[in-house]
1. Just to verify a number: what accessible area does residue A:231 come out at with the full protein assembly present, 1.4 Å probe, Å² rounded to tens?
2. Given a cut-off of under 8 Å on Cα pairs at least six residues apart, what relative contact order in percent is computed for the stretch C:83-332?
3. Tally Lys and Arg at +1 and Asp and Glu at -1 over the other residues with C-beta under 13 Å from the C-beta of residue C:227: what net charge comes out?
4. Work through the residues other than residue B:333 whose Cβ is under 14 Å from its Cβ and net out their charges, Lys, Arg +1 and Asp, Glu -1.
5. If the label for residue C:302 sits 7 angstrom from Cα along the Cα-to-Cβ line, what are its distances to the same label in every other copy, in nm to one decimal, shortest first?
6. Would you look at the GNM of chain A, springs on alpha carbons closer than 10 Å, and say which of A:100, A:184, A:201 moves the most?
7. Quick one: with label points 7 Å out along Cα→Cβ, list the inter-copy distances for residue D:151 in nm, shortest first?
8. Would you mind getting the accessible area per residue of the protein assembly as shown, heavy atoms of the protein chains only, 1.4 Å probe, in Å²?
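The values are calculated or read from the model by the stated rules, or taken from the named source; none is laboratory data. None of these values were measured; they are calculated from a predicted model. Glycine gets a Cβ as well: all are built from the backbone with ideal geometry, and neighbour counts include every protein chain shown. Surface accessibility is based on the protein's heavy atoms, side chains included, excluding ligands, DNA and RNA. Shrake-Rupley method; radii C 1.70, N 1.55, O 1.52, S 1.80 Å.
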Number of protein chains: 4
Amino acid sequence: MIVVMKKGADQKQIDHMVERIASLGLKPHVIVGTERTVIAAIGEKRPDHKESLESGPGVAEVVKILAPYKVASREVKPESTVVTAGSFTAGGDTIGVIAGPCSVESEEQIIACAKAVKAAGGTALRGGAFKPRTSPYSFQGLKERGLEMLAAARAETGLAVVTEVVASEDTELVARYADILQIGARNMQNYRLLEAVGKAGKPVLLKRGPSATMDELLLAAEYILDAGNPDVMLCERGIRTFEAHTRFTLPLASVPFLKQKTHLPVIVDPSHGTGHAYLVPDMTAASVAVGADGLIVEIHPDPENALSDGYQTLNFDEFAATMKRCRQIAEALGRRM
Amino acid sequence: MIVVMKKGADQKQIDHMVERIASLGLKPHVIVGTERTVIAAIGEKRPDHKESLESGPGVAEVVKILAPYKVASREVKPESTVVTAGSFTAGGDTIGVIAGPCSVESEEQIIACAKAVKAAGGTALRGGAFKPRTSPYSFQGLKERGLEMLAAARAETGLAVVTEVVASEDTELVARYADILQIGARNMQNYRLLEAVGKAGKPVLLKRGPSATMDELLLAAEYILDAGNPDVMLCERGIRTFEAHTRFTLPLASVPFLKQKTHLPVIVDPSHGTGHAYLVPDMTAASVAVGADGLIVEIHPDPENALSDGYQTLNFDEFAATMKRCRQIAEALGRRM
Amino acid sequence: MIVVMKKGADQKQIDHMVERIASLGLKPHVIVGTERTVIAAIGEKRPDHKESLESGPGVAEVVKILAPYKVASREVKPESTVVTAGSFTAGGDTIGVIAGPCSVESEEQIIACAKAVKAAGGTALRGGAFKPRTSPYSFQGLKERGLEMLAAARAETGLAVVTEVVASEDTELVARYADILQIGARNMQNYRLLEAVGKAGKPVLLKRGPSATMDELLLAAEYILDAGNPDVMLCERGIRTFEAHTRFTLPLASVPFLKQKTHLPVIVDPSHGTGHAYLVPDMTAASVAVGADGLIVEIHPDPENALSDGYQTLNFDEFAATMKRCRQIAEALGRRM
Amino acid sequence: MIVVMKKGADQKQIDHMVERIASLGLKPHVIVGTERTVIAAIGEKRPDHKESLESGPGVAEVVKILAPYKVASREVKPESTVVTAGSFTAGGDTIGVIAGPCSVESEEQIIACAKAVKAAGGTALRGGAFKPRTSPYSFQGLKERGLEMLAAARAETGLAVVTEVVASEDTELVARYADILQIGARNMQNYRLLEAVGKAGKPVLLKRGPSATMDELLLAAEYILDAGNPDVMLCERGIRTFEAHTRFTLPLASVPFLKQKTHLPVIVDPSHGTGHAYLVPDMTAASVAVGADGLIVEIHPDPENALSDGYQTLNFDEFAATMKRCRQIAEALGRRM
């Protein structure tokens, strides 16, 4: 950490901060500049002293030098993590493709989706059984019945099942049916839930909250990793910005950024990331080109009659065409999909 | 709802949408414009058909006319809700003042804070016992011991106690000690938790998520109201924007906006809303001037040594001076504080 | 336009608005809903009455149905515009590639860049002679001498020259040397300048302002088109959001969005859009995959010693490798580059 | 400046950066931490080396310690600047109040406005003669005739006149009529224009661009100050965020922030800052409470029939009531208005 003193800070304030840094077990190192004094604090393991130093007398600001996450960091584990769950693999050379409806609506619907996913070359089936909905008056999912239908679709097609868990008390139930547990964007900082999936023994797909910074996303992953679960995939699904022509803004630069900072696989969700079906194929192709380790795409046999998210959902033909285009790009870049 | 057709939409597509609107129990009304056709859908109770209509053939966009929340709406209940909990009242002519430390650290600390709150004219004590922290390595709160200390401070001063509940399974425990249950910004869309506090029989202080729209905030309140709890206070605590000189951007216009849309009291949190102690007094004064029904401010006997949030925390003297200034503004505007 | 009345609007207010709509030459059409009345205003040519209707008595909001731009709209001209300037073409099947240094620094430097652009398959040379800089103390460009050096590089390589014009009074001078006039992001709404380049007889590369909406960008293009210049290219170069790990957030979904709304070619600038050289190759590849009609990339023989923007600038080898990757993606998608 | 090296940076890279810092005339000071090495660069006058150091080998990031602006800084001039222009004063104990219509429409209209401003206690008259409009099809202002009408209103009431200049070539003309030159938000980074008003010999009201950071705003002021004009007022008028219920988000914390960083007066524009007339009175009151040195408010005798911005414009009665409320708050805070 670097403690930057205010221009007018006096010797007493500087001495105070030197002492305080030492009392935290760090080695203070004073550098007297032409206009200001800064104090380097050497030896910290985790940057959790920033907050308390910031309120010291005469302090202008405190600059962190180290990243606040550890286990997620590529500095700690340079080789890329590959996550595998049944039919699904993401990371390294392999791009994993998860697709399916927003909500599980019926066994017929979910099995039709699973077959379409498999036919198009997808490797996992998504489908929501517990649905977090903005309005209390919207369809909230089929709950355990939905999980059973997902299991039926897996039995039929062999595809791994990805589904969301919305509360720590549901984790065990969902983990009995799912191959991969999804943490939704609204729950990225639901720490009790992160701890629960950290102990559930299944890989986790962790979605970025719409206003989460990269550090916050990686610290949320750190909660899961710290609880003992090494199989975490990060999912970029768009952020809240002033743009109104898309539902969220999908910042694809977070893919190469994250892949530099962390060893965890990075998945992209172009359906939520755009919020409009007509933008999904192009943004799916761009996700592959930018280096994503996986995709998660919403499809439905009849989007107009979907119980949720129809406006951002591809039909089976659109999905198959999109997959074909993505595969060409992946091959051009030397990846498997 | 207004369904706007694309410029080139043909009669078949228009007929399809007319039929579809009718099938939802709404009355379609076609208006042929010079360049486009729009179809008004009359009679809806709740705008939950927008999503499904948007994926119809030839549809350019669907415009909502009605607000998606009902019970929270001032159109449904024109008179302002006044929330009372022991020593605390917010709404109508009365501005409620909640203050206290970010975290409960010891009985001595929380009782000192409570006395300072009372001395300065505050009407409720805040203090975190269960702390949701961005990093798994940060101090996570004293949990039930912290709740006991809050109760001791209440016994000593008579101040109502406001504290956060972070998981639905903790609700009963926290509600045994607290007078007002706080839902933190990270949990604004933790619907299981909203339902739990909706049934807990205690008033709720619901903080706006940093990227939540006004509709999303009011729909989160709707979850609590719909579960049977009429005593919900909304709290503006700042949003994520590109600004980096404050921790969040505190958009005070949301106070008069919300007070027009809803009957619920609106509280402002200038501590989290700015993230810097030196900005808190001015923004607290502005919060009173803009018409807030309440304030929630972080104070600590020794901010530099606080276990969390010290950089945005006032000491007792700063808090007393701020309250004095606010009281003058409140009186100038004919309100009580 | 749809004028949405407030819930409690009375007949007098409704009559007033009906009359007002008629007085604007539009045909009012009243629809009485279950909870509210809306009035459709039919026949407008351009939606410039929204503002004045919004302040009418009893009006809740006014919803635009038509886009505010006309000449830029794909509804007016369905076939895609292809812009050609010497060696450079963008639009249709062809992806145009503009590259070069942020600033022209010397004849040697700009000719070296031009040769590197050509060798890697680029089709135009960029280079700033008039530099708009955030600080008055930063390097402001070589001005006319820089333009002469660009002309020398064109003479040497045959590449078309793209350079920025920052003030209407410079337009004639810059247009004497340049093949394509660039309007920088800071000047997207400098209307006097837009009018000037609209009359300059050279194609224009119009960069999106960092907080401009799509409508604002298209209306800025409309100023140029309306002044008589049909050869406008839109450039997505990133927006200001809360994200701090990139200099701007590059929202690639604006490419397919714009290509649906307008016939004008869409160019992407991954250098400014990310602000970090190590993110540029992946985001350039993603720009091609998402359907961009062109690219503009910063390169320099020695980025560490560039007079401006070195941190986001590729060296010649990095650029050549990036072009190779992009060409493979373009071919996989059936486009020429 | 602090140059932070990457974790794996080797001695050769460190030596290279040490040499490079020395070659810039700065004194390098190496600090070897437990995990990383950082190099302090001491003695810089202006932080314009950040960019070039950032692209050095092995460099993770470069942290600025000094602010990039100088003349605007309160560290350079601790006493607050008071700007006076005829009837108008802003700064120190005095809050200046500028009001008037968005556009000058007729002599009758502007004189009526001027009288209303004066009657309510305002101290300057605003009115646009040159209007920068988003659409080329919107009303663009009366130009020089508008300036003459403003002069007539000044002759009638004695109020100082504030009006916008949109192009450097108009500066002389506008300065002949105006007492204060306004730079609009769209032109905050039109550096040619900033230089022109820096030489025009009249005070300048500089509006913050909707995505400008505080540093960018202060550097824009620096252009004007550096050209020799000491009378610059900064105007907060709202930023672009995801919020859609207001036209812009008005972040009032920028007032106390700016007043700490700079000696220049800070004005608030609650009309553009909210975009809705019904929000203006409360946000004007909040602007006074937060410590603004001045206000700029849009008023019109008949907002519904205003040629521009009617939806955010107060009528004369609303303005008078707002001023009365603000004066009470100002008095409670010991300021004059």
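1. That residue has around 50 Å² of solvent-accessible surface.
2. Details: 558 pairs, mean separation 46.2, N = 250.
RCO, the stretch C:83-332: 18 percent.
3. Numbers: positive: C:192, C:199, C:202; negative: C:195, C:222, C:226, C:231.
Here the count lands on -1.
4. Numbers: positive: B:259, B:325, B:327, B:335, B:336, D:324, D:325, D:327; negative: B:93, B:293, B:331, D:282, D:331.
Computed value for this residue: +3.
5. So the label point of residue C:302 gives 5.6, 6.9, 7.0 nm to the other copies.
6. Ranking A:100, A:184, A:201 by mean-square fluctuation puts A:201 first.
7. 4.2, 7.9, 8.7
8. Numbers: 42820 Å² over 1348 residues.
Result: 32 Å² of accessible area for each residue.
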